[in-house]
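Report on the following structure.
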Amino acid sequence: MKHKLQTAWVLLTSLFKTRRCSQRGTWIRVWGKLQIEGDVRLGERVRIRATHVPVELAAGPGALIEIGERCYINSGVSIGAQQRVTIGKNCAIGNYSLIMDSDFHSTDDHTKPGLAAPVVLEDDVWLGARVTVLKGVRIGRGAVVAAGAVVTRDVAPCTLVAGVPARVIRFLDKESK
């Protein structure tokens, strides 16, 4: 009985914490603090564990953040969009990861807006802790990005990338995906 009450409480408080989402699926679970700004859409059974550090999901005017069903987002993750950030189904995003589709300001003049290009994480992508994904990147289905990597260009499906900038370490077994 105690477990059922705890589950019900998490689901109920999660509804409150995701109230600023423009769209949300059912069975979303949020532990800890979630900050939402702009057009954010969460799919079915998304789990957000922000118990140590808040998770930030911020879409600027006219921008969109879309997170697919059964995704897991860990503490300290920041996702910022000036155009669009799309995360597919069954993705896992490690602690303190940063996903941005824009520089947010020009390199010449910090008071002017920077360039922006959509970011896409296809289905079954895994980002390790402290990964940075920059504007215009597409990470293919089943790819794994090692902890601390900075992804500056597209990642092929079913590959393991690591480093700064991220480079292919090896190809993953396609049978397991």
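The values are calculated or read from the model by the stated rules, or taken from the named source; none is laboratory data. This structure is a prediction, so every number in the text was calculated from the model and none was measured. Glycine gets a Cβ as well: all are built from the backbone with ideal geometry, and neighbour counts include every protein chain shown. The area values use the complete protein model at the heavy-atom level, side chains included, leaving out ligands, DNA and RNA. Shrake-Rupley method; radii C 1.70, N 1.55, O 1.52, S 1.80 Å.
Key figures for this structure:
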quantity: Over the chain, equivalent-ellipsoid semi-axes from the Cα gyration tensor in Å; calculated: 26, 21, 13
quantity: Per-selection Rg to Rh, the stretch 94-177 - Cα, Kirkwood hydrodynamic radius; calculated: 1.04
quantity: Percent of beta bridges antiparallel (DSSP, the chain, rounded to nearest 5); calculated: 10 percent
quantity: Estimated 222 nm signal from helices in the chain, with DSSP H stretches of n ≥ 4 weighted -39500 (n - 2.57), rounded to 500; calculated: -3000 deg cm²/dmol
quantity: Charge dipole (the stretch 33-132, unit charges on Cβ, about Cα centre) - positive-most of GLY80, HIS52, GLY38; calculated: HIS52
quantity: Net charge of Cβ neighbours under 13 Å - reference GLN35; Lys, Arg +1; Asp, Glu -1; calculated: +2
quantity: Mean-position separation - Cα centroids, the stretch 50-118 and the stretch 18-46, in angstrom; calculated: 14 Å
quantity: Phi-based couplings in Hz for the stretch 53-70 (Karplus 6.51, -1.76, 1.60; Gly and Pro marked x); calculated: 9, x, 9, 10, 10, 10, 10, x, x, x, 9, 9, 10, 10, 10, x, 5, 6
quantity: Loop sites in the stretch 1-82: trypsin sites (Lys or Arg not before Pro), DSSP, at most 15 other Cβ within 10 Å; calculated: ARG19, ARG20
quantity: Per residue accessible area of the stretch 83-177, 1.4 Å probe, in Å²; calculated: 54 Å²
